[in-house]
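Student: Structure incoming, see below.
The values are calculated or read from the model by the stated rules, or taken from the named source; none is laboratory data. Remember, it's a predicted structure, so these values are computed and weren't measured experimentally. Note: ideal-geometry Cβ built from the backbone for every residue, glycine included; neighbour counts use all protein chains shown.
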Amino acid sequence: MSLTESSPIATATAPTAPAVMLPVTGAQDGPRAIWHGRGLVCACVLADALVLFAAVVVVLLTTPGAADTGLHLLALPPIAGVLLVSRGTYAWGIGRTPLDSAGRAAAAIATAAMAVVVLIVASGETPDLTACALAAILAVLGTIGTRALLSAGRRRALLRARTGDPALVVGAGSIGQRIAQRLLGDPTYGLHPVGFLDADAAAADDGPLPVLGAPDELRAITASTGARHVIIAFSPSTRDDSLGGMLRDCEQLGLDVSVVPRLFDAVNGNLLYQRVGGLPLMGLRPSSRNRLQLRIKRLMDIAISATLLLLGAPILGAIALAVRLESPGPALYRQRRLGRDGQQYDVLKFRSMRGDTSGTFVPAAGSAPGGVEGVDRRTRLGRFLRRTSLDELPQLLNVLRGDMSLVGPRPERPEFAIAFARDIHRYDDRLRVRSGLTGWAQVNGLRGQTSIEDRVEWDNYYIEHWTLALDLKILLMTLTVPFRPGES
C-alpha cells in the first residue's frame, strides 16, 4: 500500500461548520499557514497569476508587432486562470504537491492560448501566432517553475518544522499501524498522527501510538488533540455500522476524512464511480497498459539509452579507464539477476570494489540486499561511483538489448528472489514487467539495505498505476538521486 501519487487512501474534504471551534496549536501558526491547505492554494494561485501576467507583459515588450493584438493577449491570464481551477490543478491530497498537477496546468495554459487565437480571429483580426505561442511557453515554464519551488519549500518546511496536520487513525489493526508508521516516518505527507480510535483499547499495545478512545468519542478526542484529519482503516474490532455517526461528526467538525479501501491491493488510478440505486459502487479496472503504450515505452527505452550511450561515450570510457588504473581487475562487473517472467540475465555495472571476495552475505531480516555487503571492499573511486549511481550507467546496454527498461522494479539476485518470493506477500507480482534501471521505490528513498516489504509495495504500486507520464516523472526524479545519500 503506497501512500503517494494516486494513494489507496481516498480523500474527501468535509464542509466546515463555523460554529465549532477547534483548538489552535502552535504548529498551526507561521509555517503551517503558508504550507497547508488554503494557505498553499492561495500562494499557488497568486504565483500562477503573477506568472501569467508577467509572460504577457514580456511578450508585449519584446516581440515586434505583438502590441497590435495586445488587448486580446491580455485575455490569456483570466482564461487560463478559469481553466486552471476547472481542471483541478489546485486540488491536492495526501502525498501530492503543486508540482504533481504541473501537466494539467500546462494543458490548461495551452488551451487558453488557443482560445485567445480563436478570440482574435472571431474579432476579425489576424492573430500573431508567434506572440501567442511565446506567451504560452513562458507561462507554462513559469508555472511549472513556481510550482516546483512551492513543492520544494513545502517539503523543506515539513521536514524541518514538522508542521503536519494532527490526524487520528480509526482502527488500530495492521493497516492502521502501517499508516501511522508511514506518516510518522515521513512528515512530507503533511499529516502527523496523534493516536488511534478503536473499540479495543489494547489494540495498539505494540504500535507506535496509543488508542485514545472509541470511534464514538471522536468529538471529545478532537477537542483535546486539535485533530484536523481522520483516516479510516478497517479493523476487526471496529464495526462498519458504528462509523456512520462518526462520519457525521467529522462533517460537523469540519474534519478532512480519508478511507482505506478494503481491496486496496486491487485499487489503482482507474477507479470508476458507479451506482445501483442509492448504493455507490467502485468499478475496478486494470492499469492503462496496452500494446501501443508498451511499444512506445520500448521505443523510449531504445531511443534514450542509445542517445545516452552515444553522447556519454567519452565519460563511460574515462570511468572504465579510471577503474582499471585504480585497482586490478576488469572495468565492468557482471552479476546474475532475475527479470520479467523469471528470466535470468547478467546486469552490468562499473566495478566499484576490489576483487578479494570472501564469505556469503546474508541481509538482515526484512531488509533487501544492496549497498555495502559485509566487509567494505570499495575503492576510493568506487565510493564516488556508488554514491552518485554512476556505477549503474553500463546498464544502459542492458536496456538497449531488452533485458531491462529504463523504469521498472529493480532486479534482484536469483537466490534472494527465491527467498523473498517465499516470505513476502506479492513479491512475484513485480516480475510481470521488465526490471528497471531506476524505479518508483528507488526515487522515493528505498535504495540499499532498506525494507524489502516496502520495496515490494512501491514496485507493485508502480505496476498497477503505470503510465508513460509516471515513467517520465520517475526519470526526472532520478536526476536528483546523485545528490541524495544511499546506494541502489
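Student: Report yes if some residue within the stretch 373-383 is free of Cβ contacts under 8 Å to residues at least 60 places away in the same chain and part of a strand (DSSP E or B); otherwise report no.
Tutor: Yes, because at least one residue in the stretch 373-383 is free of Cβ contacts under 8 Å to residues at least 60 places away in the same chain and part of a strand (DSSP E or B).
Student: Against the condition of a type in the set (V, I, T) and touching a Leu at 6+ places or on another chain (Cβ under 6 Å), how does V82 come out, does it pass?
Tutor: In short, no.
Student: Look through N268, N290 and report the one residue that is over 22 Å from M404 (Cα atoms) and either hydrophobic (A, V, I, L, M, F, W, C) or at pLDDT below 85 (or both).
Tutor: On inspection, the qualifying residue turns out to be N268.
Student: Next question, about the same structure. How many of the residues in the stretch 150-178 are in contact (Cβ under 8 Å) with a residue 24 or more places away in the chain and more than 21 Å from D216 (Cβ to Cβ)?
Tutor: Restricting attention to the stretch 150-178, the residues satisfying the condition of being in contact (Cβ under 8 Å) with a residue 24 or more places away in the chain are 150-151, 153-155, 157-159, 161-173, 175-178.
When the remaining residues are screened for being more than 21 Å from D216 (Cβ to Cβ), the result is 150-151, 153-155, 157-159, 161-165, 177-178.
Qualifying residue count, the stretch 150-178: 15.
Student: How about the stretch 321-341: which of its residues are under 24 Å from P411 (Cα atoms), out of contact with any strand residue (DSSP E or B) (no Cβ under 7 Å at 6 or more places or on another chain) and either of a type in the set (A, V, I, L, M) or loosely packed, with under 12 Cβ neighbours inside 10 Å (or both)?
Tutor: Hit for the stretch 321-341 is D341, nothing else.
Student: How many residues does the stretch 279-316 contain that are assigned to a strand (DSSP E or B), touching a residue at least 12 places away in the same chain (Cβ under 8 Å) and either surrounded by 10 or more Cβ atoms within 10 Å (Cβ to Cβ) or not small (G, A, S) (or both)?
Tutor: 1
Student: Now, a different point. Considering only the stretch 411-436, state which residues are over 13 Å from E457 (Cα atoms) and basic (K, R).
Tutor: Result: R413, R422, R432, R434.
Student: Here's another thing I want to ask about it. Right, R432: surrounded by fewer than 17 Cβ atoms within 10 Å (Cβ to Cβ) and modelled with pLDDT under 80 or not?
Tutor: Criteria not met by R432.
Student: Of everything in the stretch 259-278 that's closer than 27 Å to D429 by Cα and small (G, A, S), which residue is surrounded by the most Cβ atoms within 10 Å (Cβ to Cβ)?
Tutor: G269
Student: Here is a further query. Mind listing whichever residues of the stretch 175-200 are polar (S, T, N, Q), in contact with a Lys or Arg (Cβ under 7 Å, 6 or more places away or on another chain) and at pLDDT 85 or above?
Tutor: none
Student: If you don't mind, there's one more thing I want to ask. Which helices (runs of 4 or more DSSP H) does the stretch 43-124 wholly contain that include 3 or more residues that are on the phi < 0 side of the Ramachandran plot and surrounded by fewer than 17 Cβ atoms within 10 Å (Cβ to Cβ)?
Tutor: 76-86, 102-122
Student: Something else now. Could you please find all residues in the stretch 435-452 being surrounded by fewer than 18 Cβ atoms within 10 Å (Cβ to Cβ) and over 22 Å from T388 (Cβ atoms)?
Tutor: S451, the sole residue that qualifies.
Student: Being under 28 Å from the mean Cα position of the chain (by Cα), buried (at least 17 other Cβ atoms within 10 Å of the Cβ) and farther than 19 Å from D256 by Cα is the filter here; which residues of the stretch 194-246 pass it?
Tutor: The answer is G207, L209, S235.
Student: Being exposed (fewer than 13 other Cβ atoms within 10 Å of the Cβ), assigned to a loop (DSSP other than H, G, I, E, B), modelled with pLDDT under 85 and not hydrophobic (A, V, I, L, M, F, W, C): is that true of D356 here?
Tutor: Against the criterion (exposed (fewer than 13 other Cβ atoms within 10 Å of the Cβ), assigned to a loop (DSSP other than H, G, I, E, B), modelled with pLDDT under 85 and not hydrophobic (A, V, I, L, M, F, W, C)), D356 qualifies.
Student: Residue check: is L406 at pLDDT 85 or above, touching a helix residue (DSSP H, G or I) at 6+ places or on another chain (Cβ under 9 Å) and part of a strand (DSSP E or B)?
Tutor: Working: at pLDDT 85 or above: yes; touching a helix residue (DSSP H, G or I) at 6+ places or on another chain (Cβ under 9 Å): yes; part of a strand (DSSP E or B): yes.
Taking the combined requirement at face value, the residue satisfies it.
Student: While we're on this one: Consider R455 carefully, then state whether it is loosely packed, with under 15 Cβ neighbours inside 10 Å, outside the structural domain of R178 (by TED's automatic domain parsing) and more than 21 Å from D346 (Cβ to Cβ).
Tutor: It is false that R455 is loosely packed, with under 15 Cβ neighbours inside 10 Å, outside the structural domain of R178 (by TED's automatic domain parsing) and more than 21 Å from D346 (Cβ to Cβ).
Student: So N270 ticks every box in (1) closer than 29 Å to G408 by Cβ; (2) out of contact with any strand residue (DSSP E or B) (no Cβ under 9 Å at 6 or more places or on another chain) but one. Which box is left unticked?
Tutor: So N270 meets the others, but not (2).
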